[in-house]
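Below: one structure, written as structure tokens.
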Amino acid sequence: MADSVSFENLPSDVQVPLFYAEMDNSKANTAQDSGPSLLIGQVLPEASIDRNKPVIMPSADLAKKICGRGSQLARMVAAYRATDPFGELYVIAVDDDKQGTNATGTVSISGTANAAGTISVYIGTNRVQAVISADDTPIQSAQALADAINAKADLPVTATVKAASVSVDGVSVSGGSSSLAVGDKTTLTANVSPNNATNKTVTWTVNDSSLATLAPSGSNNESCEVTAVKAGTVKVTVTTQDGNKTADKSIVISAQSVAVTGVTLDKTTLSVAVGASSDPLAATIAPATATNKAVTWASDDETIATVVDGVVTGVKAGAANITVTTKDGKKTATCAATVTAQVKSASGVKSGVTTAVVTLTAKYAGKAGNAIPLTLNYYGTVGGEETPDGLTIIIDGMKGGEASLTPDDAIAAMGDEAFDFIGLALNDSASLATMDAEMNDSSGRWSWARQLYGHVYTARTGTLSELVEFGDSFNKQHLTICGYEVATQTPYDELIGYRLGRQAVFLRNDPARPTQTGELTGALPAPVGSRFTLTEQQSLLTHGIATASVTSGALLIQRDITTYKKNKYGVSDNSYLDSETLHTSAYVIRKLKSAITSKYPRHKLADDGTRYGAGQAIVTPAVLKGEICAVYRQLETAGIVENFDTFKSNLKVVRNANNVNRVDVLFPPDYVNQLRVFALLNQFRLQYSDEEMAANA
């Protein structure tokens with residue numbers, strides 16, 4: 001049979017002269033197919049990005065612009081770009097749950113700084129510093145911190161300030177007369193303690209409303225006018241709204257008025273500090289049966305001291321006379337008040353100064369907000385971070401975030417686009433199970449029908465027992481859960497971005513090379529003393545949780561394993577232990593697919609030994625076996641596989657017995673492995689023996 005050449009487009013019966021050429025690139029392809037990275041996370045409600053649609057994301061700046069500054073997805077992109085500034089990245093935005101709850105945390109500040117200093121609070125990996133001046137009040141210090149937080153638009157939280165709630169611990173009644181004539185009136189005053197109590201609202205009651213009527217007034221009902229109706233004795237009671245504290249005053253109502261003859265004070269001298277208040281002065285009216293016991297109070301120098309209902313408050317150092325005057329008869333008594341300069345307590349807290357609270361609120365709803373770490377002075381004094389002397393700062397971590405979020409729409413949006421590295425911020429069991437269904441080998445991305453491949457990475461923080469329990473709940477080869485300590489200073493969603501970027505850079509270059517020691521540039525690890533020990537890391541790896549390590553303060557990948565641990569019979573199985581195995585599998589299959597589909601896209605199939613002419617677009621099992629071996633040699637040269645001869649002897653390429661148009665291949669690659677453990681027995685000598693020396697003579 002004469003040789004002939006198979007053309008794709010050039011007709012075999014062309015009659016017009018002369019020269020015709022057809023392009024054929026079937027032997028030219030050397031490209032390696034791969035997919036970009038993908039991040040899935042929440043965006044802010046006002047974000048302009050399309051929801052549930054793959055969007056290419058070339059920069060962190062664009063993510064901030066269209067996802068919302070401080071949003072989960074924008075921060076994940078920024079973290080990813082810190083480790084992979086070049087690779088192709090897509091994102092899918094999950095909408096915020098408008099019915100959800102945003103997490104909150106607090107920074108409580110009390111005391112007054114003895115000297116100027118700086119408050120250093122870490123919100124995730126971001127340090128926020130507020131400069132404090134000497135003698136700043138807690139409110140001033142808190143406001144400075146809140147302003148510094150709100151000035152950083154890329155933080156995942158906003159800040160507000162308020163005085164801390166101070167509980168009521170008591171109440172007393174002052175002022176007014178203890179005896180009235182029918183028709184007379186007197187005004188009682190409620191004194192709630194402490195002076196800086198948050199809720200000073202009170203209610204007034206009388207035990208017999210037929211004898212007297214009450215008319216409360218004031219913003220907190222602190223004053224009450226009592227009107228005598230008929231003769232008798234009544235008890236007027238004041239009750240605080242906070243704590244139900246009570247005090248009362250008995251008033252004798254007579255039919256005839258008894259005149260006041262004099263007044264005395266329980267103290268003739270007192271001392272009070274600037275900004276502080278004294279206990280109430282007690283005025284005693286004579287006679288005890290006087291009808292109108294109402295009095296007024298006055299200071300002869302209110303620039304030094306003021307007085308309200310017998311309570312003296314220091315304004316500035318000096319002396320002032322406090323005078324009580326009866327309304328009936330204008331009888332007087334005087335107390336000499338000395339106001340001293342303010343003295344700070346040992347704790348540095350000025351008398352009467354309250355605690356101020358900075359409330360941090362996550363910008364998005366859900367449990368992800370609960371995982372935003374808040375820390376004071378992460379680097380400590382060694383890093384120049386120290387709370388100003390005199391201040392006490394207490395941090396209550398983020399909590400209370402709840403939302404109903406699922407990845408279903410995001411997964412549907414992925415369609416049949418290939419993504420090799422998938423970072424999923426929705427890390428609850430249900431979301432991960434949903435994503436695994438998308439990745440499975442039977443109908444998912446790893447199935448024969450879709451051949452999209454890819455691997456899912458997520459992260460969680462927790463105690464050893466929490467992470468072990470979570471790892472044991474999965475047995476999936478296409479899922480890697482990276483576990484970190486509770487005290488890790490980097491939010492878990494940013495850890496996904498950092499780690500995914502590092503994986504992408506390493507594995508795109510060489511899918512078989514271990515990713516261990518890859519630095520998560522920009523991430524802050526848990527502090528010394530709060531990190532997992534070697535034994536704990538071993539437990540995590542045994543239970544399907546990938547681990548990290550710390551060297552010289554840098555957070556590094558230690559080992560990226562999958563959650564696959566056992567076969568379908570519950571027997572231990574390490575075939576899919578390391579994520580590199582999955583990436584290597586995808587690389588090898590794509591390499592072989594590229595060779596076959598490029599060189600044999602429209603070939604005829606014949607048995608081995610068929611005597612067809614050279615140039616014919618025809619292939620036999622032997623030709624395909626040779627092609628597969630050639631590809632394997634290339635992979636071996638690239639360090640992806642090993643043991644070519646054994647591979648070749650086990651490779652089977654045959655025509656299907658029931659379908660003459662089909663070739664079946666048993667492809668048995670031997671992947672190269674990773675150097676994970678170097679074990680050395682140091683069998684030292686103090687001196688080689690004569691026998692050992694002689695053996696080498």
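The values are calculated or read from the model by the stated rules, or taken from the named source; none is laboratory data. Please read these numbers as outputs of a predicted model, since none were measured by experiment. So basically every Cβ, Gly included, is an ideal-geometry build from the backbone, and we count neighbours across all protein chains shown.
Considering segment 106-137, and only residues there that are of a type in the set (Val, Ile, Thr) and either in contact with a His (Cβ under 7 Å, 6 or more places away or on another chain) or over 29 Å from ASN370 (Cα atoms) (or both), the residue that is surrounded by the most Cβ atoms within 10 Å (Cβ to Cβ) turns out to be THR112. For GLN140, the conditions (1) crowded, with 23+ Cβ neighbours inside 10 Å; (2) over 23 Å from the mean Cα position of the chain (by Cα) are fulfilled apart from (1).
Quick check: is even one residue across segment 375-397 in contact with a Lys or Arg (Cβ under 7 Å, 6 or more places away or on another chain), surrounded by 14 or more Cβ atoms within 10 Å (Cβ to Cβ) and not in a loop (DSSP other than H, G, I, E, B)? No. Restricting the first member to segment 91-102 and to residues that are more than 17 Å from VAL77 (Cβ to Cβ), and the second to residues that are of a type in the set (Ser, Thr, Tyr), the beta-carbon pairs closer than 7 Å and six or more apart or on different chains are ASP97/SER404; GLY100/SER404; ASN102/THR361; ASN102/TYR364.
Taking the criterion of being over 24 Å from VAL641 (Cβ atoms), in contact with an Asp or Glu (Cβ under 9 Å, 6 or more places away or on another chain) and part of a helix (DSSP H, G or I), the residues of segment 499-535 that qualify are ARG499, LEU500, GLY501, ARG502. Within segment 461-486, take every residue that is touching a Phe, Trp or Tyr at 6+ places or on another chain (Cβ under 9 Å) and without any contact (Cβ under 8 Å) to a residue 60 or more places away in the chain and give me the one that is nearest to ARG81 (Cα to Cα). Filtering segment 461-486 for residues that are touching a Phe, Trp or Tyr at 6+ places or on another chain (Cβ under 9 Å) and without any contact (Cβ under 8 Å) to a residue 60 or more places away in the chain, the one nearest to ARG81 (Cα to Cα) comes out as GLU485. Quick one: how many residues across segment 151-187 are modelled with pLDDT of 90 or more, hydrophobic (A, V, I, L, M, F, W, C) and part of a strand (DSSP E or B)? The total comes to 5. Among the hydrophobic types (A, V, I, L, M, F, W, C) and without any contact (Cβ under 8 Å) to a residue 60 or more places away in the chain, is that true of ALA228? Spelling it out, ALA228 is indeed among the hydrophobic types (A, V, I, L, M, F, W, C) and without any contact (Cβ under 8 Å) to a residue 60 or more places away in the chain. Has segment 440-448 got any residue that is among the acidic types (Asp, Glu), more than 30 Å from GLY529 (Cβ to Cβ) and in contact with a Lys or Arg (Cβ under 6 Å, 6 or more places away or on another chain)? Within segment 440-448, none of the residues are among the acidic types (Asp, Glu), more than 30 Å from GLY529 (Cβ to Cβ) and in contact with a Lys or Arg (Cβ under 6 Å, 6 or more places away or on another chain).
With respect to GLN489, is the statement that it is of a type in the set (S, T, N, Q), over 24 Å from THR542 (Cβ atoms), in a loop (DSSP other than H, G, I, E, B) and in contact (Cβ under 8 Å) with a residue 12 or more places away in the chain true? Yes; evaluated as a whole, the condition is true for this residue. Among residues of segment 44-66 being without any contact (Cβ under 8 Å) to a residue 60 or more places away in the chain and either in the same structural domain as LYS363 (by TED's automatic domain parsing) or touching a Ser or Thr at 6+ places or on another chain (Cβ under 7 Å) (or both), the one that is surrounded by the fewest Cβ atoms within 10 Å (Cβ to Cβ) is ILE66.
Annotation note: of ALA190, ALA215, the sole residue that is surrounded by fewer than 16 Cβ atoms within 10 Å (Cβ to Cβ) and assigned to a strand (DSSP E or B) is ALA215.
Quick one: is THR198 surrounded by fewer than 18 Cβ atoms within 10 Å (Cβ to Cβ), in a strand (DSSP E or B) and among the polar types (S, T, N, Q)? Judged against the criteria, THR198 is not a match.
Residues in segment 313-330 that are crowded, with 19+ Cβ neighbours inside 10 Å and more than 23 Å from SER193 (Cβ to Cβ): ALA320, THR326, ASP328. Which residue pairs have Cβ atoms closer than 8 Å, lie 6 or more positions apart in sequence or on different chains, and pair a first residue in segment 177-198 that is farther than 17 Å from GLN256 by Cβ with a second residue that is among the basic types (Lys, Arg) and part of a strand (DSSP E or B)? Partner pairs satisfying both residue conditions: LEU188/LYS249. Counting the residues of segment 298-312 that are free of Cβ contacts under 8 Å to residues at least 24 places away in the same chain, surrounded by 15 or more Cβ atoms within 10 Å (Cβ to Cβ) and over 24 Å from SER172 (Cα atoms) gives 1.
Among the residues of segment 625-650, write down those that are of a type in the set (A, V, I, L, M) and either touching a helix residue (DSSP H, G or I) at 6+ places or on another chain (Cβ under 8 Å) or in a helix (DSSP H, G or I) (or both). Answer for segment 625-650, where residues must be of a type in the set (A, V, I, L, M) and either touching a helix residue (DSSP H, G or I) at 6+ places or on another chain (Cβ under 8 Å) or in a helix (DSSP H, G or I) (or both): ILE628, ALA630, VAL631, LEU635, ILE640, VAL641. Contact map, segment 67-82: residues that are more than 12 Å from LEU39 (Cα to Cα) paired with residues that are of a type in the set (Ser, Thr, Tyr) and assigned to a helix (DSSP H, G or I), Cβ distance under 7 Å, separation 6+ or inter-chain. Pairs shown: ALA82/TYR498.
Residue-level check: of (1) buried (at least 17 other Cβ atoms within 10 Å of the Cβ); (2) free of Cβ contacts under 8 Å to residues at least 40 places away in the same chain; (3) not hydrophobic (A, V, I, L, M, F, W, C), LYS249 misses just (2). If we keep just the residues of segment 576-612 that are surrounded by fewer than 16 Cβ atoms within 10 Å (Cβ to Cβ) and without any contact (Cβ under 8 Å) to a residue 24 or more places away in the chain, which is nearest to GLY483 (Cα to Cα)? Restricting to residues being surrounded by fewer than 16 Cβ atoms within 10 Å (Cβ to Cβ) and without any contact (Cβ under 8 Å) to a residue 24 or more places away in the chain, the top hit is THR597. Residues in segment 69-99 that are closer than 16 Å to LEU44 by Cβ, outside any strand (DSSP E or B) and in contact with a Pro (Cβ under 8 Å, 6 or more places away or on another chain): 7 in all.
Screening LEU270 on (1) among the aliphatic types (A, V, I, L, M); (2) in a strand (DSSP E or B); (3) in contact with a Cys (Cβ under 7 Å, 6 or more places away or on another chain); (4) under 21 Å from THR187 (Cβ atoms) shows it passes everything except condition (4).
Based on what the data block shows, is TYR564 part of a loop (DSSP other than H, G, I, E, B) and either of a type in the set (Val, Ile, Thr) or more than 20 Å from GLY462 (Cα to Cα) (or both)? Against the criterion (part of a loop (DSSP other than H, G, I, E, B) and either of a type in the set (Val, Ile, Thr) or more than 20 Å from GLY462 (Cα to Cα) (or both)), TYR564 qualifies.
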